[in-house]
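The values are calculated or read from the model by the stated rules, or taken from the named source; none is laboratory data. Every value quoted in this text rests on a predicted model; they were computed, and no experiment measured them. Methodologically, a virtual Cβ is constructed for each residue, glycine included, from the backbone with ideal geometry; neighbour enumeration extends over all protein chains shown. Quick note on the areas: whole protein, heavy atoms, side chains included, nothing else; ligands and nucleic acids left out. Shrake-Rupley method; radii C 1.70, N 1.55, O 1.52, S 1.80 Å.
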Amino acid sequence: MKLFAMILIGILASFVIWGTHDLPERGDPQSPANLGVSTYYIENAYIDSETPNMVTAVLADYRGFDTFGEAVVVVAAALSSLLILLRRRRREDGSEGGLFSEVDAQKAGPDPSTSPSGGAP
Amino acid sequence: MIGQLDFWLMLILVMFAILALEVRDLLAAVGVLTGFSFLMALLFAELGAPDVALTEAALGAGLTGVFLLLALVFVDRKSED
Amino acid sequence: MSQIPALIPTSLLLASLLSLLIGLKSRRGAHWTALLGAIAAFAFSLMGVKAMIDGDGEAIRYAAGNWIPPIGIEFVLDSLSAYMTAIITFIGVIVLIYAPRSLALETPGRERMVYPSMTLVLAGLVGMCLTGDVFNLYVFLEIAALAAYALLAIGDRGAPVATLRYLLFGAIGGGFYLLGVAYLYYATGTVNMADLSMRLPELMESQAVIVAAVLMVVGLGIKMALFPFHFWLPDVYTNAPSVSSALIAPVMTKVSAYAIIRLFLDVFPPGFFTANLPLAQTIGWFSAAGIIFGSVLAIAQHDYRRMLAYSSVGQLGYIGLGIGLANPIGMIGGLLHIVNHALMKGLLFMIGGAVRLRFGVTKIPDFVGVGRAMPWTMVAFTVGVLAMVGIPPTAGFFSKWYLLLGSAEAGAWVWFAVIIASSLLSAIYFFRVVEMVYRDPESDSAVEDREPLPRGEAPASMFWPITIMAVSIMAVGIFNVLIVSALLERVAAPLGG
Amino acid sequence: MTSRFESIFLFVVARAMVPLIQVFAFYVITHGHYSPGGGFQGGVMLAASIILLRISLGEESYDRFPREAGIVIGGFGALAFALLGFASMAFGGNFLEYALAVPGMGAEELRYWGIFFAEVFIGFLVWGALVAIYDALESGGVE
Amino acid sequence: MDLLLTNRALFAILVSAFAAVAVALTGERNRNLRESWTVLAALAKFGIVASMVPGVLAGQRYDVNLLQISPGIELALRVDPAGILFAMSASFLWILTSFYAFGYMRGGKEKKQTRFFAWLAVCLSATIGICFSANLLTFVLFYEILSVATYPLVIHAGSEKAYRIGRQYLVYAITAGIALVGGIALVHNAAGSLDFVAGGFLEAEMGTGLLWAIFACFFIGFGVKAGVMPIHSWLPNAMIAPTPVSALLHAVAVVKAGVFGFVRLVGYTFGPDLMGVLGAAAVLAAFAGATILLASFIALTKDDLKARLAYSTVGHLSYIVLGVALLAPQAMLGAAFHMVTHAAMKITLFFCAGAIYIHTGKKKVSQLDGIGRQMPLTMAAFGVGAIGLVGIPTIGGFISKWYLAAGTIDAGAYIFLGVLLVSGILNAAYLVPIVTRAFFRTSPDHTRFDEASALMVVPIALTMTLSILLGLFPDAIFNFFSLAEAIVETVTGTTFGGAT
Amino acid sequence: MTADFLLSRYPYVLIAVLFAIGLYGMTVKRNLMKKIIGMTIFQTSIYLFFIQGATKQGATIPVLDPELGPSAELYINPLPQVIVLTAIVVGVAITGVALSLILVLYRRYGTLDEVELLRRMRESA
């Protein structure tokens, strides 16, 4: 099994190397990537938005939606971590504590259910 | 000249990567991984991508390392393989 | 009007962010915000579908930030993406209506963070369908995936283990896709789909493009759970909460399949996936193997959700077969199966959740007597099963029918036989459950000592979504030609040339 | 509860470092137009400063930066970014079309400020979200 | 009004579907109301079907096109002689079966009667749908509905054995259905059309291999339902269902749907000429002939009355298949007419078996000594049915067998003439002893005169009368014979000189 | 030929090696932390592929130098850098979620061995 996986990975790596055969030479200024849309970014970033740092201009303006999606990814990761790791405690009066109430309660004592104040911060 | 620099950097990166995976102590592995990320940031900077280098140093080396260390507080440090 | 392509994902994204913030204060507020966002997105999707029908399939192109592609990112609403977004948002609305009661039972104390996650999953999937940029697709893929990991991980005891495996394989899939994008970018100098499709015909022989295509398809194949990359899937669905399965099983894997179809039809030049590089055929063969494999393993399962998961492995194969056939009618079958399977799987997982809520059972042998206790829910269940097996006039029959026509046309007799055999296999494992459901609890030795199940349907917030899904299955089956002629024929037309 | 990584040295250094890091982080965020850096990098630094605070101060840090604050800042940052995108839609432009966000100003200037605000919002949301992840991990999970 | 008249075929299908819903909604609360829904629907359905007979005989076709269910293929209904012949016999016998079923179910105090009557009505809808389908896709749609709707009736007893048999039934039925769908896909691929055309629409140019593949798919698809050996074994097992189900479904509706499928296959899809050229007809005839003989022998060995009748059904269904497969006009006429006469006679026999079981609890042939004295009417009807199946003149079975035999001679297939004669003797050997045993042996149990309830006896008497009338005046009852002739005329182009 | 190819393409070869090492860590290693370390290496190799492909002979970093002016051949292509920036953030987000999952499952099962975890999960199901 282990051997099989390693052989498979080896084949894949060779395949990936094989594919670079038709890629342009390293650093070639005439490569498609360097002639394509990138020239527009380089030549117009300052004209369009008065921003010398082209990476910032592309990041936040030309491809702003990518960045917005990326921002959402970060929030999604935070949300996912909270969702996976935390649970809200229900207090005995039926109301709910804060996000970390259960954590606080666990740290407060070994058996939080006996303490009447529950997970109050 | 520059080409030689990135050749050696990449070779070291490969060694770091192998080391990070083969060390049995996870704390050491995380340390090696952080080193790997810093070298990678260096390589990015050398290849003309300062923005990416900064990000890789801050996120890849810094925060990922912190998160991994934090996780190691809770889980077993030893690895079987 | 022309804002529709952007409004569908952004309304969902906005709703999820609002729902997240409101959810810190009010659980109900989080639910309503998410639901309203989904309803808005569904309404926009319907407007998109209508625009496609009125405009005779003319794609609506939308440049984010008004940067003309390939400078900026482009959204493309065409027949295929309108179709997909309508399905995704419909399932989203239904599951969001269904969710609260089931979540309160299965994930207590976490509900308010579930709603924004559910909306994020929808937003990511919708974004994947609408975007006209291969890298933007990756970003949306990961949005959907990250939110989905959390939703799946909060289930039963084993859920985190299963989800972590899913995450790792998802990361491999995503990484492959990203590497494919890199090859494509360096071979062509662009990441815009329309631009790529103009530049790629000159590069049909390029090794870099071949590697790019293989990497992207394999990456998406892992995400799609295409056989033999399906191994993460059964454990995930077995342990996940019903709501998560009901949301994710119907749409998530299909959208990856959609992405493959999009690459196949619109990005790579015609014939690239079939003549130059037999990728489509390979997908077809793996799908055929997956259909048999999934169906056979589903027979052996005792857990309802696990059985559905293996059935998903098999059913996804139909979509793969549609790709593999690479002729219009077969592709129509595959595409039609996306909506069919979304409805059927959503329905069956929702019913599983309703039964679990009422009686706490998930094992098939414990289902004895449920038919008497929840008669109408079980009618819906029977409809779902009939659709799964492919009994007319339910939706499931017609996708199989088109696939059969397609494989007859292509002369793919092995696949023809596989489709026929799989219907029989799915009949075996699904009717087993139907039989259990309708058995008399008194005369059954296995559950004699159990208390009789109390009579009564699931709460209205769960019952009506289930009913709507069951009715939709029938409606899609009977009126499938409307969908086919209005949207799908246009999508598959390029294959006819 | 005291910090898991308690030590006097860390305590002193951290207290001195945190404001410096934060100032530098704001510089990185706002100066993204002219030099490498921007919202992501600056946001990470801000998050790092808070994490340093957490490590050095332990329990006390929760008074200065409550645990719920992470996700709130992150959520509002992302929301503000989304609203920035919608702002131009309100004036008939496309999503994230900064040039139309405020009528009556030059397109280049508007794009400049659009990028600026986008970077700031990104900085805030990365800050908040990463702190939230840290706090979630630090709690070790509940059962 | 015009709308109602032109869409009669559709209403004939829908009326019992509505009845099923009404029955389900009424439930156990009001049994008489529930039963009256069934009766009303049965009468209405029969009325609607019968009202179309004159038109059909005059050459009119009632077309209903509902909506497209696949590009270029409509959910279309068309009333033609073959369809209406089958629809007439099914809907007429449903009326009688309904009454009989009330008596049977109440007499036997069966459980889940609502479910039973509702699914029975659904089955009838599907059967009529099969009759009136204008193309293969519509046909298969109703065919599958029929398969599924029969399942709850098969497992009605709720015992472990019933579930096992139900599973077997489903496997057979689903296999048949999906094979059929596969065959239809092949047809669509070859011909581009699925509409039934009298005389067939497939061409020999489409390739022998493909045509044989299509034939194989259809053979499995229809053969399962029609009980052609070796894929018949679900049928005798399915007799575990309540007797009205066995009677109506396993003598009239379900199995005849399979046979009817063969009629559509030979007459309206392949066409007799192509069947002959291809050689498929010979294969079909061989299977049918073998089934006739084997089923008769097996029937001889069965002591259980319903099992014996079931094997008799297997044999007699193959008479029809054989008649169709011989391709001779006379044989086809006999086959078509045998669909009606066999239905009438076999339903009589099943009714009698059910009446005996409900009334005395006896299921086995060996227990029936002297029962003719206790239930003379029932056993007299049984006798009529039995000798009818053997082929004694004055009873319907004679006429159909006569034409079948004439057809074998026309076709020059003398071996099948032999088969028919041998099986006639075997029929006598396994059916007549039951009658003689009932009347001429004595048993201490059966001395009193004590018939089953009128709800059961009256239908028995009516079906018996029908069997006899079909023999005496083949065309007097609803023009069955003319319809059969019309089928043969449209399919083969042969004309008969008026009714016999 | 092959030697020339390797010499001129050595960065690709080394990236492919990194890629393979990462994949090896993710699939063959049994410890889940090791898998995550492998995932980081795997993702980083892809970033490196992007960045090193973007190099341009005689060009400088993509920040406009007012003295040079916006001439396309003078600056490195900014697009791959933007893509990698986005991808790095996505990668860290995935790592964070993965670590959350590890904490939860370690609490429940007390081990990080994948085979053992799968066995126990399927037993309890």
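Brief remarks follow.
- Ligands, DNA and RNA aside, residue E:195 has an accessible area near 80 Å² when probed at 1.4 Å.
- Counting Cβ atoms of other protein chains within 10 Å of each residue's Cβ and taking the mean over peptide C:165-174 gives 6.
- For peptides C:275-281, F:86-92, C:428-434, sequence by mean Cβ density within 10 Å, most packed first: F:86-92, C:428-434, C:275-281
- Applying 1/(1 + (r/R0)^6) with R0 = 35 Å to the Cβ-Cβ distance of residue E:414 and residue E:36 gives a FRET efficiency near 0.05.
- A simple spin-label model places pseudo-atoms 7 Å from Cα toward Cβ; at residue E:106 and residue C:46 they are separated by 5.0 nm.
- Note on E:15-23: average number of Cβ atoms from other chains within 10 Å of each residue's Cβ is 0.
- Under 14 Å from residue F:56, Cα to Cα: aspartates and glutamates that are on another chain or at least 8 residues apart: A:25, A:28, B:46, F:73
- List E:127, E:494, ordered by accessible area with a 1.4 Å probe, largest first: E:494, E:127
- Rg ratio (alpha-carbon, reference 2.2 N^0.38 Å) - segment C:302-372: 1.39
- Taking the Kirkwood radius as Rh and the Cα radius of gyration as Rg, segment C:278-497 has a ratio of Rg/Rh equal to 1.03.
- Convex hull of Cα atoms in segment C:385-497, direction-averaged projection (nm²): 10.2 nm²
- The ellipsoid equivalent to the alpha-carbon distribution of segment E:142-274 has semi-axes of 31, 14, 11 angstrom, derived from the gyration tensor eigenvalues as √(5λ) and listed largest first.
- The B-F contact accounts for approximately 3600 Å² of buried accessible area, totalled over both chains at a 1.4 Å probe radius.
- Kirkwood hydrodynamic radius over Cα pairs of segment E:328-451, then Stokes diffusion coefficient at 4 °C and 1.567 mPa s, in µm²/s: 84 µm²/s
- Per-residue shielding of D:85-97, expressed as the average number of other chain Cβ atoms within 10 Å of the residue Cβ, stands at 6.
- Inter-label distance, residue E:300 to residue C:28: 8.1 nm, where each label sits 7 Å from its Cα along the C-beta direction.
- Spin-label model, residue C:205 to residue E:489: label points 7 Å out along the Cα-to-beta-carbon direction sit 7.1 nm apart.
- Links that overshoot a 23 Å alpha carbon limit, given the list A:2/F:35; E:112/E:364; E:112/E:346: E:112/E:364; E:112/E:346
- Accessible surface of residue C:31 - all protein chains present, 1.4 Å probe, nearest 10 Å²: 20 Å²
- Calculated diffusion of segment E:86-181, Stokes-Einstein form, Kirkwood radius summed over Cα pairs, 4 °C and 1.567 mPa s, µm²/s: 90 µm²/s
- Solvent-accessible heavy-atom area per residue, rounded to whole Å², over the protein assembly as shown at 1.4 Å: 31 Å²
- Using alpha-carbon coordinates, inclination of helix D:67-90 to the longest axis of chain D, degrees: 0 degrees
- With Cα atoms, 0 to 90° folded angle of helix D:107-139 axis to chain D main axis: 30 degrees
- Note on residue D:24: accessible area is roughly 110 Å² with a 1.4 Å probe, heavy atoms of protein only.
- Between the amide H of residue E:70 and any residue lying 5 or more places away or on another chain, no distance stays under 5 Å, with hydrogens modeled in the peptide plane.
- Histogrammed with a bin width of 10 Å, the alpha carbon distances of chain C distribute as 4, 21, 32, 27, 12, 3, 1, 0 percent, first bin at zero.
- A viscosity of 1.567 mPa s and a temperature of 4 °C, combined with the Kirkwood radius over Cα pairs in Stokes-Einstein, give a translational diffusion coefficient for segment C:75-175 of 89 µm²/s.
- Rg in Å to one decimal, and Dmax rounded to a whole Å, for segment A:16-63 via C-alpha atoms: 13.9, 42
- The distance separating the Cα centre of segment C:315-347 from that of segment C:1-65 comes to 25 Å.
- Cα pair distances of the protein assembly as shown binned at 10 Å [whole percent]: 1, 8, 15, 18, 16, 12, 10, 8, 6, 3, 1, 0, 0
- Compactness of segment B:2-74 as Cα Rg over 2.2 N^0.38 Å, two decimals: 1.15
- Counting Cα-Cα pairs of chain E in 20 Å increments starting at 0 gives whole-percent bin shares of 26, 60, 14, 0.
- Solvent-accessible area of segment C:154-212 (1.4 angstrom probe, protein heavy atoms only): carbon and sulfur portion equals 55 percent.
- Cα-Cα pairs of chain F separated by more than 16 Å (percent): 72 percent
- Of F:35, E:362, the order by accessible heavy-atom surface (1.4 Å probe, DNA, RNA and ligands excluded), from most exposed downward, is E:362, F:35.
- Annotation: for a label point projected 7 angstrom from Cα along Cα→Cβ of residue E:472, residues of segment E:349-391 with backbone N closer than 19 Å are E:377-378, E:380-389, E:391.
- Equivalent-ellipsoid semi-axes for segment D:8-139 (Cα gyration tensor, √(5λ), whole Å, largest first): 33, 16, 9.
- In terms of accessible area, using a 1.4 Å probe and ignoring ligands and nucleic acids, C:232, E:37, B:8 rank largest first as B:8, E:37, C:232.
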